[in-house]
Amino acid sequence: MTTDAGASEPGLRRSALAEPLDTPPVRWVAFLTLASIGLWAGFFGPIQVLLAQQAEAIDEESKKQILAVVLGLGAATSVVCNPVFGAFSDRTRLRLGRRLPWVIGGAAGGALSLLLLSVADSVVVMAIGWCGVQATLNAMLAAVTATVPDQVPVGRRGTVGGVLAIAQTLGVIGGTGIAAATGSIAAGYTVTAVVLIVLTIPWCLDARDVPLAPDERPAPFEWGSFLRGFWISPRTHPDFAWAWTTRFLVNLCNALGLLYLLYYMQDVLGFAEDDADERVFLLTAIYGITVMATAVAFGAWSDRIGKRKVFVIWSGIVAGSATLMLAIVQSWPAAVAAAVLMGVGYGIYVSVDFALITQVLPGAEDRAKDLGVINIANALPQVFAPGIAALILILVESLGGVTETDGDGFSVGYCVLYLSAFTVAVLGSIFVTRIRSVP
């Protein structure tokens, strides 16, 4: 991905708000990829393994409730912080640019919060640490995400979206691998913090971030207009609203499918604790390989033919089918097949849907804020999913259904949970058809 050197230098770009015409150089995409790997490792090492282990270490009998509370509080923090920090990023007037200061601050704050989690020995400290991770890494995520519509032309966003999907996948695998390999909860958090900082530094040294010109700077700050800006009218911007809804539903499917995966390995398939950790890592690796095998190829295909919706519709259905398999065929081979299905579907989804979303943003001056509103659709399911999953399992058990089988039977509770996940994924795919402005 090269372009004329003079035209692509940030100092020669006339406006931070102009629609980009030149594809950024390969090194910039590579550095952004590294930063994204560190970012997603910071999120998913804890989500996939460490927080579940920590909840069990604090109180084994209440581990599900503790995990649900901590993940729910963290997700609620994410819902607020991503669009708020995105809006502040849009308004930032520093000579460093609008995005770079928030990437630096977010990575530093995320590392410190992970270190706090490494010494957490109570539910309160654990919740404070995880909320700190969510707040600071979402500041970084808002800025990183906005750099793509800031600097990548529309016709290349499917390809770059595919590269960033691979980065997210490598972050998930790396974070989960660190958690599984380090041997202790404290070491897992500490190594994850170091990886986050090290991988973020190269992009910070070559961010190509363009500061706002004096005539582009926003009006003086006023809380009323600032808060009103987070409401994007579905009547005025219907495609944005439908894009938000579809992303919320597909991510709710993913959250319902993934948040209790460790317990599914232990309580349904009957694996011992250490073996369950390794199985979760193996499933994550299989998922990651299939994401990487599909994301860039289908993102580039979408760029080439100029179509987005058909890819998003079918990818959501394929990813949802993974939870259908977990519901009906409760076995280790079925879990492996589900990981492949989820990886294929989600790899296509995250690359093409990201490109679609950047094409329905209301305006260039609020890209980070509007993408932050979209990211609520990523985070809000994590608020609801732990409670929904716990409620389903508790309700099924109260009605006489089996939830824990230790590999000796069929779990009705997890069947209902994963059927629910499949249903919302199908709804998300159906609603993509309501988007009109993007083919």
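Numbers for the structure displayed
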{"read-out": "The one condition in (1) over 27 Å from T403 (Cα atoms); (2) modelled with pLDDT of 90 or more; (3) surrounded by fewer than 20 Cβ atoms within 10 Å (Cβ to Cβ); (4) not charged (D, E, K, R) that I37 fails to fulfil", "value": "(3)"}
{"read-out": "Residues that are in contact (Cβ under 8 Å) with a residue 60 or more places away in the chain and of a type in the set (A, V, I, L, M, F, W, C), drawn from the range 70-80", "value": "V70, L71, A75, A76, V79"}
{"read-out": "Residue check for A390: of a type in the set (A, V, I, L, M) and closer than 30 Å to E216 by Cα", "value": "no"}
{"read-out": "Residue match in the range 263-275 (condition: part of a helix (DSSP H, G or I), farther than 26 Å from D408 by Cα, among the charged types (D, E, K, R) and in contact (Cβ under 8 Å) with a residue 60 or more places away in the chain)", "value": "no"}
{"read-out": "Residue match in the range 134-141 (condition: surrounded by fewer than 24 Cβ atoms within 10 Å (Cβ to Cβ), part of a helix (DSSP H, G or I) and either of a type in the set (D, E) or touching a residue at least 24 places away in the same chain (Cβ under 8 Å) (or both))", "value": "yes"}
{"read-out": "Candidates A327, A335, filtered to the one that is of a type in the set (A, V, I, L, M), within 18 Å of T176 (Cα to Cα) and either at pLDDT 90 or above or not in a helix (DSSP H, G or I) (or both)", "value": "A335"}
{"read-out": "Residue list for the range 211-245, restricted to those being in contact with a Pro (Cβ under 7 Å, 6 or more places away or on another chain) and part of a helix (DSSP H, G or I)", "value": "F240, A241"}
{"read-out": "Test: residue in the range 328-344 that is buried (at least 23 other Cβ atoms within 10 Å of the Cβ) and over 30 Å from V402 (Cα atoms)", "value": "no"}
{"read-out": "Hey, A108 under 26 Å from R27 (Cβ atoms), modelled with pLDDT of 90 or more and surrounded by fewer than 23 Cβ atoms within 10 Å (Cβ to Cβ) or not", "value": "yes"}
{"read-out": "Answer residue from the range 171-184, given it is in a helix (DSSP H, G or I) and modelled with pLDDT of 90 or more and is farthest from the chain's Cα centre (by Cα) among those", "value": "I178"}
{"read-out": "Residue match in the range 305-324 (condition: farther than 30 Å from V70 by Cβ, crowded, with 22+ Cβ neighbours inside 10 Å, out of contact with any His (no Cβ under 8 Å at 6 or more places or on another chain) and among the hydroxyl-bearing types (S, T, Y))", "value": "yes"}
{"read-out": "Residue count, the range 181-198 (criterion: buried (at least 16 other Cβ atoms within 10 Å of the Cβ) and of a type in the set (G, A, S))", "value": "3"}
{"read-out": "Flag for S113 being in contact (Cβ under 8 Å) with a residue 60 or more places away in the chain, touching a helix residue (DSSP H, G or I) at 6+ places or on another chain (Cβ under 6 Å) and under 30 Å from L262 (Cα atoms)", "value": "no"}
{"read-out": "Check on E397, in contact with a Leu (Cβ under 6 Å, 6 or more places away or on another chain), in a helix (DSSP H, G or I) and surrounded by fewer than 17 Cβ atoms within 10 Å (Cβ to Cβ)", "value": "no"}
{"read-out": "Residue in the range 145-164 that is β-branched (V, I, T), in contact (Cβ under 8 Å) with a residue 12 or more places away in the chain and within 25 Å of I58 (Cα to Cα) present", "value": "no"}
{"read-out": "Residue ID - modelled with the highest pLDDT, chosen from residues in the range 204-233 that are under 30 Å from P25 (Cβ atoms) and among the basic types (K, R)", "value": "R208"}
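The values are calculated or read from the model by the stated rules, or taken from the named source; none is laboratory data. The shown structure was predicted, so the numbers you read here are calculated from the model rather than taken from an experiment. Cβ sites come from the backbone with ideal geometry, for glycine too, and all protein chains shown count toward neighbours.
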